[in-house]
1. Looking at region 62-77, which of its residues are outside any strand (DSSP E or B), buried (at least 17 other Cβ atoms within 10 Å of the Cβ) and small (Gly, Ala, Ser)?
2. Only one of (1) of a type in the set (Ser, Thr, Tyr); (2) part of a strand (DSSP E or B); (3) out of contact with any Gly (no Cβ under 7 Å at 6 or more places or on another chain) is not met by Thr103, so which one is it?
3. Quick one: Arg127 ticks every box in (1) within 28 Å of Asp11 (Cα to Cα); (2) crowded, with 16+ Cβ neighbours inside 10 Å; (3) in contact with an Asp or Glu (Cβ under 8 Å, 6 or more places away or on another chain) bar one, so which box is it?
4. Is it the case that some residue within region 94-112 is out of contact with any helix residue (DSSP H, G or I) (no Cβ under 7 Å at 6 or more places or on another chain), at positive phi and either among the charged types (D, E, K, R) or in contact (Cβ under 8 Å) with a residue 40 or more places away in the chain (or both)?
5. Take the residues in region 18-39 that are outside any strand (DSSP E or B) and aromatic (Phe, Trp, Tyr), then tell me which one is farthest from Pro61 (Cα to Cα).
6. From Ala59, Ala42, which residue is part of a helix (DSSP H, G or I) and either surrounded by fewer than 16 Cβ atoms within 10 Å (Cβ to Cβ) or in contact with a helix residue (DSSP H, G or I) (Cβ under 9 Å, 6 or more places away or on another chain) (or both)?
Amino acid sequence: MGTAQLDRLIDEAALRRLVQQYASAVDRNDGPLFASLFVEDAVVEGPGFRFAGHEQLRAVPGQLAQQFRGTMHCVFNQLVTIEGDRARGETYCIAYHGLVDETGHPMTLDWAIRYQDRFVRRDGEWRIAYRLLVVEWTRTGRVERLPAS
């Protein structure tokens, strides 16, 4: 294996880890970690929302923690195209959002997501510059239990 191939594999692994850290930061309500995964002027947008810059991004996990009884983001396929210190990617995810319905039953609101990402490498570290959540479908269903609030 040549140096260029090895470098590509290292970059792909770093980008994969970056999106996994995103999922963990959201699910663990870790605003500082969440914001650190982005460049200062990054934008995240999706159906009905847009967050820009570290100050707004740092608040995202806490907002989700107030809205839901818990979340679990499961990251799947990821394809990236790397060009020097820039990359574009698409990552599949199922995001489970725990809630209680109007009758008190535990439920989940599940989103099938394709993240459309632009990444940049700064000071040797990959960060997210732009993330668009494309929600392919949603599903709501009852579950046996949710995390304690």
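1. Across region 62-77, the qualifying residue is only Ala65.
2. Answer for Thr103: the failing condition is (2).
3. (3)
4. Going through region 94-112, the residues out of contact with any helix residue (DSSP H, G or I) (no Cβ under 7 Å at 6 or more places or on another chain) turn out to be 94-112.
Adding the requirement that they be at positive phi leaves 104.
Of the ones still in play, those that are also either among the charged types (D, E, K, R) or in contact (Cβ under 8 Å) with a residue 40 or more places away in the chain (or both) are none.
Among the residues of region 94-112, not one is out of contact with any helix residue (DSSP H, G or I) (no Cβ under 7 Å at 6 or more places or on another chain), at positive phi and either among the charged types (D, E, K, R) or in contact (Cβ under 8 Å) with a residue 40 or more places away in the chain (or both), which makes the answer no.
5. Looking at the filtered set, the residue picked out is Tyr22.
6. Ala59
No lab work stands behind these numbers, since they all come straight from the coordinates. Please read all numbers here as calculations on a predicted model, not as lab measurements. Don't worry about glycine lacking a Cβ; one is built from the backbone with ideal geometry, like all the others, and counts go over all protein chains shown.
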